[in-house]
Amino acid sequence: MTIPAVRPHLVILDIPPDRIAALEPVLNFGRQPVPRLVLTRGEHLAPTNQHLRYLPAASPRQVVLANAFAMIEAATRSDETRRRRLQEIVTGATALVAELFDSAALGATLQRDDVDRGTELVLRAVSEVGIGSWLEAVWRHDIGVYQHTLGVAGHAATFGSQIGLGRSDLARLVRAALLHDIGKSRIPVEILNKPGPLTPEEFRLMQRHPEIGAALLLAQGEFEPEVIDVVRHHHERIDGKGYPDRLSGAAITDLVRIVSICDVFSALTERRTYRQPATSAEALSIMVENQGHLDPDLLRAFAPAMLGSSALAA
C-alpha cells in the first residue's frame, strides 16, 4: 500500500467495514487521522469520532457530495487552525531561544523559566503534530543556530518518546537539547555563519563551544549536572576521538549519546547555504558508516522514527 506524501482532506470508502482496518496506514496519516466518509450497505454503524461519518451507499449523489464537501471544509478549517497554532508555538520557541543566546552572549543570567517554557513548547508541538510538521515550521525561520537548536530539540522529543522515556526524563532531554549549543553564543558570528570551510584557527575556536557552554551553565547554578554534561560532551565519540575531553565508551552517558545522534542527524538534514540537505535515509546511512562516532544500538532505535517522517525527505 502506498501512503500519500501529502495528507488528503477526505477519503471516501465503499468497501466492507471489516476491510477498513487494512487502510489504517492511510487513514491515520501522521498524527492526524484523515476524515473518512464510509458508504454502508445495510450495516447500522455509529460514528466513533469526529473524523468518521457513515452514509447508506444508496444515498442520492447530491447527498453524498454535500456530506463530502462539508467534511472537506471542516478538515480545511481544522488544518488551518492547527497550522496557525504550530506557527505561534515555533515563533514563541524561537524568541525564547534567541533570548537565551543573547543573554549568554552578554553575560547576563539565563532564565531557567524561559528554558522550561521552551521545553514545554517543543514537547507540546511534537506531540500534537509530529516531527515532520515541526521541522517544516522551524525551517520557515532562516535563523541559523536557533533553527538548528529547535531541530535538535524536536528530534530529541521524538526519539525520547519513541524509546519510552518518562515525562521528567523526556523534559530533561529536550532541555539539554535546547541548551546543547549555548556556547556558540560566544563564538564570533562570522565564524558561525561562514559558508566555506573553517581555517584551523577558526575550527579550534569553534571546538571550544562545548566548554564555553558548560561553564556558562555551571556559573548559573540552576541547571542539572546531566544537562551540563550534554552541553560539554555532545561532540565526544564512542571511540574516544571526540572533544573536548576525549571521553570514550561507558564514560559517555546515555543522555549525551541521544543528543549527539539528534545533533548529527539535524546537521545533515538541514538546509545550508553551501550544500543541499541529505534525506533522512542518506543521513542515517552516513551516520551508520561513520563507525566509532555514535552509539550503534541507539542509532538503530532512532532510525524508524526518522524514516517514517515524509517531511524529512528532501
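Values computed for the structure shown
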quantity	calculated
Only Lys, Arg (+1) and Asp, Glu (-1) charged, at Cβ; region 38-193 dipole about Cα centre in debye	480 debye
Gain in span if fully extended, Ser168 to Val189, counting 0.36 nm per residue against the direct Cα distance	4.1 nm
CD proxy at 222 nm, helix term only [per DSSP H run n ≥ 4: -39500 (n - 2.57); per residue of the chain; nearest 500]	-18500 deg cm²/dmol
Cα centre as origin, Lys/Arg/Asp/Glu Cβ charges: region 226-303 dipole, Debye	300 debye
Percent carbon-and-sulfur accessible area, the chain, ignoring ligands, DNA and RNA, probe 1.4 Å	55 percent
Average accessible area per residue (Å²) across region 79-173 - probe 1.4 Å, nucleic acids and ligands excluded	41 Å²
Most fluctuating residue given options Gly42, Gly166, Gly154, as computed from a GNM of the chain linking Cα atoms under 10 Å	Gly42
Dipole moment magnitude, nearest 20 debye, the chain about Cα centre, only Lys, Arg, Asp, Glu C-beta charged	860 debye
Additional length obtainable on full extension of the chain from Ser161 to Leu307, 0.36 nm per residue less Cα span	51.0 nm
Pairwise FRET efficiency - Arg83 versus Ala250, Cβ, R0 = 51 Å, nearest 0.05	0.70
Surrounding net charge for Ala281, when Lys and Arg each add one and Asp and Glu each subtract one, Cβ distance under 15 Å	-1
Sequence-separation-based contact order of the chain, relative, with Cα cut under 8 Å and 6+ spacing, percent	13 percent
Computed Rg/Rh of the chain, alpha carbon atoms with Kirkwood Rh	1.06
Region 192-314, relative contact order in percent, only Cα pairs under 8 angstrom and at least six apart counted	19 percent
Top positive-direction residue, dipole computed over the chain with Cβ charges, set Val122, Val97, Val174	Val122
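The values are calculated or read from the model by the stated rules, or taken from the named source; none is laboratory data. In this text the structure is predicted, and so the values were computed from the model without any measurement. Neighbour counts run over all protein chains shown; Cβ positions are idealised from the backbone, glycine included. For the accessible areas, the whole protein counts, side chains as well, though only heavy atoms, and no ligand, DNA or RNA atoms are used. Shrake-Rupley method; radii C 1.70, N 1.55, O 1.52, S 1.80 Å.
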